[in-house]
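K.L.:
One structure is given below, represented as structure tokens, and several questions about it will come after.
Every number in this text was worked out from the coordinates using simple rules, so none of it is lab data. This one's a predicted model, so the numbers in the text were calculated from it and none came from an experiment. Please note: Cβ atoms are built from the backbone with ideal geometry, for glycine as well, and neighbour counts cover all protein chains shown.
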Amino acid sequence: MNENTTNDPIIICEDVHKWFDDFHVLKGITTTFKKGERAVICGPSGSGKSTFIRTINRLEEHQRGTIIVDGIELSNDLRNINLIRQEVGMVFQQFNLFPHLTNIKNITLGPIQVRKMSKKAAEEAALALLERMDIADQAYKYPAEISGGQQQRVAIARALAMEPKIMLFDEPTSALDPEMISEVLDVMRELAHSGMTMLVVTHEMGFAREVADRVMFFDEGVVIEEAAPADFFDNPQHERTKLFISQTLQH
Amino acid sequence: MENIEITQEVKPPNTSKGPVKWLQNNLFNTWYNTILTCFALVFLFFVFKGVFSWVFIQAKWEVIPANFQILMIGPYPIEHVWRIWIVLWTLAVLLGLSAGIWKGLVLRISTAIAGVGLIFLLVPLDIVKNSEAEYATLEFNINIIYLIFFKRRWLLGCLALLVGTFFIGRNKNGLKKWIIGGWILSFPWTMIMLHGFGENTVSTTNWGGLLLTLLLAAVGIVACFPLGVLLALGRRSKLPAISWVSTIYIETVRGVPLLTILFMGSVILPLFMPGDFQLDKVIRAMVALTLFSAAYMAENVRGGLQAIPQGQVEAAQAVGLTYPKTTLFIVLPQALRAVIPAIVGQFIALFKDTALVFIVGLLELMGIAEGIVGGNPNWQGYHVEVYVLVAAIYFIFCYAMSYVSQKIEADLGVGKH
Ligand SMILES: Nc1ncnc2c1ncn2[C@@H]1O[C@H](COP(=O)(O)OP(=O)(O)OP(=O)(O)O)[C@@H](O)[C@H]1O
Ligand SMILES: [Mg+2]
């Protein structure tokens, strides 16, 4: 456990199931994330990692079980969904910045339209965030005019601008050229030390070892192993996990 | 090993081309291209000679000044023309202020409209030519100046207002709300002003010519756009009822010729009206044109909507934007800019389609032209002159729209960001 982790649960998943038509993607996920916890989720392609973290802000709907985020249960109630989305920031593999808006407008849109912040306050906050991401000089450019690593940092700033309690990352460095990966990981590391609750899908094992409180290994829609990173990497219990770790570390 | 000099400055290959060089490279680079170029030159010479001699020698342009008024406004009574000018002046003020405040797109539109106005100001369409010799006299040339700057003082005033209010409106962001309100009121204001109130009214049966063409086109364009966007969103809606209604509407309208819809508007629509309530002919034509264009607009917009990656919507939802706000701030701006050429193409088609309202007995520009050369014995044999003028007028307006579209595309950097 890191110095920021508390004992208050902030995300509670109980027997979460998800199907795409007949295809059973999540087969009963039961787990609890504590406030301030940093969890890394890994596993082979198609195992349901993305689907799982997307159920937490309802980009995917789960069909059985319960998910409670910050005391609010995810149901079809639109008001609850919108409340939870304000508390949960998300960073995507493909950045998904809004190409028709400047970087700063990408960041201020949520605070102004959802949090009802004034334009001036939102811009000040956005500039401070960009400063923290070390890209303040890119504020008035368009996403297409900056590098991938910079785009992903703008995307992180966009999520943080909503002052979320939880951050979800879905393979945030997989679409980046190798020399840009570290600049994004640095920002994430800094965020982790600030006490943010983070769920990170990633294959960056160095990052997991250094930052995570817990590593969860997904395979075919179930969590087959979870442990603190030291135990997970040095002493994996399952054959599948051993195979996965050896394959990943070779790369 | 060879010692390569790397400090030497490398200049880009010389691609600069003077006109002579260009001619050599493009028109006379091989013997067969030289022959083709010569043939083309001879051909162009005869085409230009023909056009030139027709326009300046053969064409009997006197038909235009003699019918200028009716071409512009149809049977609208001349003593009421001030009403039209008041409407145009109001619109010029609104447009000028908007251009000053919003700049960008609105400024582009205003520039194009000002350009069209300038053409009407400077081309001497209503000069009556009494004799050939008259052209040479000093008096006649003074007359042209008189025509442009005095006889057309209303139009001149209109352009002056447009430019003047543009400078007044610059950076007056506080006026935004009022201007939007003004635009909303401008439609009823136009209709009431043109029609008049009290005893002294001009029935819509007297609205005609270019005036009616512009009115139908403007209302159609402004109204079909939001309707088309709503239909496009409706067709993609997850609620089956909305999506079915939109789809059925779009497919039905697209499967029926505009002529039929105009005809139904004038014959069938009144059957649904309560009692002996009579919906005005011009309004019926406006409604029919709008409903027709909206279906095509919807399909154009839908094409743009389909091009938006799902990730954009997800990213907007992830920051907590609701469906309407996601649509308004993320999806539509991207979708619309992707289909600007198609949308403007639709506007141009609508502008030209207004010519079809003759089927319900309205005399817009083309109908009036027909009436002049077909109905008036004095002007038989003047078809070509009248049709050339009408074509030129259509071209000016359609080209202005096309120009705006190209400029917007360049401004927005379509395909760039
Ligand atoms: N919208 C969808 N419709 C149908 N099937 C889907 C959909 N989204 C994902 N799937 C399927 O669900 C399975 C799990 O997908 P998911 O994206 O969660 O995997 P992942 O663990 O994130 O894999 P990767 O490492 O490749 O990102 C995959 O087999 C995928 O093909
Ligand atoms: Mg994935």
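K.L.:
Quote the relative contact order of chain B in percent (integer), defining contacts as alpha-carbon pairs under 8 Å separated by 6+ residues.
P.N.:
Answer for chain B is 20 percent.
K.L.:
On average over all directions, what projected area in square nanometres does the stretch A:102-251 have, based on the convex hull of its Cα atoms?
P.N.:
So the Cα hull casts an average projection of 9.9 nm².
K.L.:
Something else about it: Packing-wise, with mean Cβ within 10 Å as the measure, how do B:378-391, A:100-113, A:32-45, B:45-58 rank, highest first?
P.N.:
Highest-to-lowest ranking by the protection proxy: A:100-113, A:32-45, B:378-391, B:45-58.
K.L.:
Just want to confirm a number: the relative contact order over the stretch A:74-187, from Cα pairs under 8 angstrom separated by 6+ residues, in percent.
P.N.:
Once normalised by length, the contact order is 40 percent.
K.L.:
Report the gain in length on full extension from B:Leu44 to B:Lys238: 0.36 nm times residue separation, minus Cα-Cα distance, nm rounded to one decimal.
P.N.:
So the extension gain works out to 64.0 nm.
K.L.:
For chain B, what does the helix formula give at 222 nm: sum of -39500 (n - 2.57) over DSSP H segments with n ≥ 4, over the residue count, nearest 500 deg cm²/dmol?
P.N.:
-22000 deg cm²/dmol
K.L.:
OK, next. On the first, second and third principal axes, largest extent first, how far apart are the outermost C-alpha atoms of chain A in Å?
P.N.:
53, 43, 38
K.L.:
Can you give the angle from 0 to 90° between the axis of helix A:239-250 and the longest principal axis of chain A, with both taken from C-alpha atoms, to the nearest 10?
P.N.:
40 degrees
K.L.:
I would also like to ask the following. Apply 1/(1 + (r/R0)^6) to the Cβ-Cβ distance of B:Leu328 and B:Gln69, taking R0 = 45 Å, and write down the FRET efficiency to the nearest 0.05.
P.N.:
Given R0 = 45 Å and the Cβ-Cβ separation, E is 0.50.
K.L.:
Compute the helix-to-body angle for A:103-113: its Cα long axis versus the longest principal axis of chain A, expressed 0 to 90° and rounded to tens.
P.N.:
Approximately 80 degrees, to the nearest ten.
K.L.:
Once you order the gyration tensor axes a ≥ b ≥ c over the Cα atoms, which shape class does the stretch B:207-417 get: rounded for a/c under 1.5, otherwise prolate or oblate by comparing a/b with b/c?
P.N.:
It comes out oblate by the Cα gyration axes.
K.L.:
Please report how far the C-alpha centroid of the stretch A:95-131 lies from that of the stretch B:342-416, rounded to the nearest whole angstrom.
P.N.:
Between the Cα centres of the stretch A:95-131 and the stretch B:342-416 lies a distance of 45 Å.
K.L.:
Looking at the protein assembly as shown only, what percent of DSSP beta bridges run antiparallel? Nearest 5 please.
P.N.:
50 percent
K.L.:
Toward the positive end of the charge dipole of chain A, about the Cα centre and with charges on Cβ (Lys, Arg +1; Asp, Glu -1), which of A:Leu176, A:Phe92, A:Ser246 goes farthest?
P.N.:
A:Phe92
K.L.:
By how many nm would the segment from A:Asp177 to A:Thr248 grow when fully extended, if each residue of separation counts as 0.36 nm and the alpha-carbon distance is taken off?
P.N.:
23.8 nm
K.L.:
So, one more: Looking at the stretch B:151-238, which chymotrypsin sites (Phe, Trp or Tyr not before Pro) are DSSP coil and have at most 12 other C-beta atoms within 10 Å of their C-beta?
P.N.:
Passing sites in the stretch B:151-238 are B:Phe197.
K.L.:
Enter the mean number of other protein chain beta carbons within 10 Å of the beta carbon of each residue in B:307-315, as an integer.
P.N.:
Mean shielding count: 4.
K.L.:
Moving to a separate point now. Among the lysines, which fall within straight-line cross-link reach of A:Lys119, defined as a Cα-Cα distance under 22 Å, with same-chain neighbours fewer than 8 residues apart omitted?
P.N.:
A:Lys105, A:Lys141, B:Lys103, B:Lys172, B:Lys176, B:Lys177, B:Lys325
K.L.:
Let me ask something additional. Sum up the charges of everything whose Cβ sits under 10 Å from the Cβ of B:Leu362, counting Lys and Arg as +1 and Asp and Glu as -1, but leave B:Leu362 out.
P.N.:
+1
K.L.:
In terms of the Cα gyration tensor, with a ≥ b ≥ c the square roots of its eigenvalues, is chain B rounded because a/c is under 1.5, prolate because a/b exceeds b/c, or oblate?
P.N.:
oblate
K.L.:
Once every DSSP H run of n ≥ 4 in chain A is given -39500 (n - 2.57) and the sum is divided by its residues, what mean residue ellipticity at 222 nm do you get, rounded to the nearest 500 deg cm²/dmol?
P.N.:
The helix-only estimate for chain A comes to -11500 deg cm²/dmol at 222 nm.
K.L.:
Something else: Hey, if you put +1 on the Cβ of every Lys and Arg and -1 on every Asp and Glu Cβ in the protein assembly as shown, which of B:Gly304, A:His203, B:Gln24 ends up farthest toward the positive end of that dipole?
P.N.:
Of the candidates, B:Gln24 comes out farthest on the positive side.
K.L.:
Could I ask something else about it? Would you list A:Leu78, B:Leu289, A:Leu160 from fewest to most Cβ contacts within 10 Å?
P.N.:
A:Leu78, A:Leu160, B:Leu289
K.L.:
Just to confirm the number: angle between the C-alpha axis of helix A:148-160 and the first principal axis of chain A, 0 to 90 degrees, nearest 10?
P.N.:
90 degrees
K.L.:
A further question on this structure: In the stretch A:101-251, what % of DSSP beta bridges are antiparallel (nearest 5)?
P.N.:
50 percent
K.L.:
What average number of partner chain Cβ atoms lie no more than 10 Å from the Cβ of the residues making up B:332-340?
P.N.:
Mean shielding by partner chains, rounded to a whole number: 1.
K.L.:
Once amide H atoms are placed 1.01 Å from N in the peptide plane, what residues at a sequence separation of 5 or more from A:Arg64, or on another chain, have their amide H within under 5 Å of its amide H?
P.N.:
A:His17
K.L.:
Okay, moving on. Taking the number of other C-beta atoms within 10 Å as the exposure measure, put B:Thr111, B:Thr326 in order starting with the fewest.
P.N.:
Arranged by neighbour count, lowest to highest, B:Thr111, B:Thr326 become B:Thr111, B:Thr326.
K.L.:
Counting Lys and Arg as +1 and Asp and Glu as -1, each charge on the Cβ, what is the dipole of the stretch B:207-417 about the Cα centre in debye, to the nearest 20?
P.N.:
Rounded to the nearest 20 debye, it is 640 debye.
K.L.:
Rounded, prolate or oblate: pick one for the protein assembly as shown, where a ≥ b ≥ c are the square roots of the eigenvalues of its C-alpha gyration tensor, a/c under 1.5 means rounded, and failing that, prolate if a/b is larger than b/c, else oblate.
P.N.:
prolate
K.L.:
Given Cβ point charges of +1 (Lys, Arg) and -1 (Asp, Glu) and nothing else, what value in debye, to the nearest 20, does the dipole of chain B about its Cα centre take?
P.N.:
Once rounded to the nearest 20, the dipole reads 1040 debye.
K.L.:
Rounded to whole Å, give me the distance from the Cα center of the stretch B:257-299 to that of the stretch A:200-251.
P.N.:
Spelled out, the Cα-based centre of one part sits 67 Å from the other.
K.L.:
Among the complete DSSP H segments of chain B, which ones combine at least 20 Å of alpha-carbon extent along their axis with a mean Kyte-Doolittle hydropathy of 0.5 or more?
P.N.:
B:31-53, B:81-102, B:104-122, B:153-169, B:176-195, B:209-235, B:240-254, B:281-306, B:383-412
K.L.:
Amide H of A:Asp219 versus every other amide H placed in the peptide plane: which residues, excluding those fewer than 5 positions away on the same chain, fall under 5 Å?
P.N.:
Those lying under 5 Å, H to H, from A:Asp219 are A:Ile224.
K.L.:
How would you rank B:Trp31, B:Trp85, going from fewest to most other Cβ atoms within 10 Å of each one's own Cβ?
P.N.:
Fewest-to-most ranking of B:Trp31, B:Trp85: B:Trp31, B:Trp85.
K.L.:
Same structure, new question: Considering only the other residues whose Cβ falls under 12 Å of the Cβ of A:His17, what net charge follows from Lys and Arg at +1 and Asp and Glu at -1?
P.N.:
-1
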